[in-house]
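First the structure, in the form of structure tokens, and then the observations on it.
The values are calculated or read from the model by the stated rules, or taken from the named source; none is laboratory data. For clarity, every value in this text was computed on a predicted model and none was experimentally measured. Glycine gets a Cβ as well: all are built from the backbone with ideal geometry, and neighbour counts include every protein chain shown.
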Amino acid sequence: MALEVRAGNIRFEPRVGGVNRDPHVGSEAFSGTVRRDSQGRPLAWAAVNGFTVKFVSGDQNFGSLTLDLNVRKGADSRTVEVTGQLGLRDASGIFDDRYSGSINYIVIADVE
């Protein structure tokens, strides 16, 4: 067992509306086969290494921030994909302002 670390970034273009759940994917390749659990999921974990998020139309009173990362199988046995979701809402409680951002992440994988 060897652990390897990769870093990446997922960008979210400006949008209006709720949490941006459209597919936003980063792909990371490792030096060997990423081990899998008994259900075929990669033994890899993503962690937030930083993020930026802003209202495109100017200052707003902050209300809520949603940020999520997940790891799934990649195109081959040496690759994993990191999926991200991002949402920003002002204090009004309504997703009616344009926002954009990015999530910087690291992926730790158990590699054979």
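Quick notes
Results for (1) of a type outside the set (D, E, K, R); (2) under 19 Å from A2 (Cα atoms); (3) over 14 Å from the mean Cα position of the chain (by Cα), shown as yes or no for each residue.
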position	(1), (2), (3)
L43	yes, yes, yes
D76	no, yes, yes
G84	yes, no, no
L88	yes, no, yes
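- Scanning region 38-89 for residues that are under 17 Å from E112 (Cα atoms) and touching a Pro at 6+ places or on another chain (Cβ under 6 Å) yields a count of 2.
Listed here are the residues, each with its yes/no results for (1) surrounded by 13 or more Cβ atoms within 10 Å (Cβ to Cβ); (2) under 13 Å from Q85 (Cα atoms); (3) of a type in the set (V, I, T).
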site: G8; (1), (2), (3): yes, no, no
site: R15; (1), (2), (3): yes, yes, no
site: P23; (1), (2), (3): no, yes, no
site: F30; (1), (2), (3): yes, no, no
site: D37; (1), (2), (3): no, no, no
site: G40; (1), (2), (3): no, no, no
site: L43; (1), (2), (3): yes, no, no
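- Listed here are the strands (runs of 3 or more DSSP E) enclosed by region 62-112 that have at least 1 residues being loosely packed, with under 15 Cβ neighbours inside 10 Å, hydroxyl-bearing (S, T, Y) and on the phi < 0 side of the Ramachandran plot: 62-73.
- Near pairs, Cβ below 8 angstrom, 6+ apart or cross-chain, from region 27-48 (hydroxyl-bearing (S, T, Y)) to any residue that is assigned to a loop (DSSP other than H, G, I, E, B): S27/G74; S27/A75; S31/R78; T33/S77; T33/R78; T33/E112
- Residue selected from region 1-54 under the condition part of a strand (DSSP E or B), closer than 14 Å to Y99 by Cα and basic (K, R), by the criterion modelled with the lowest pLDDT: R15
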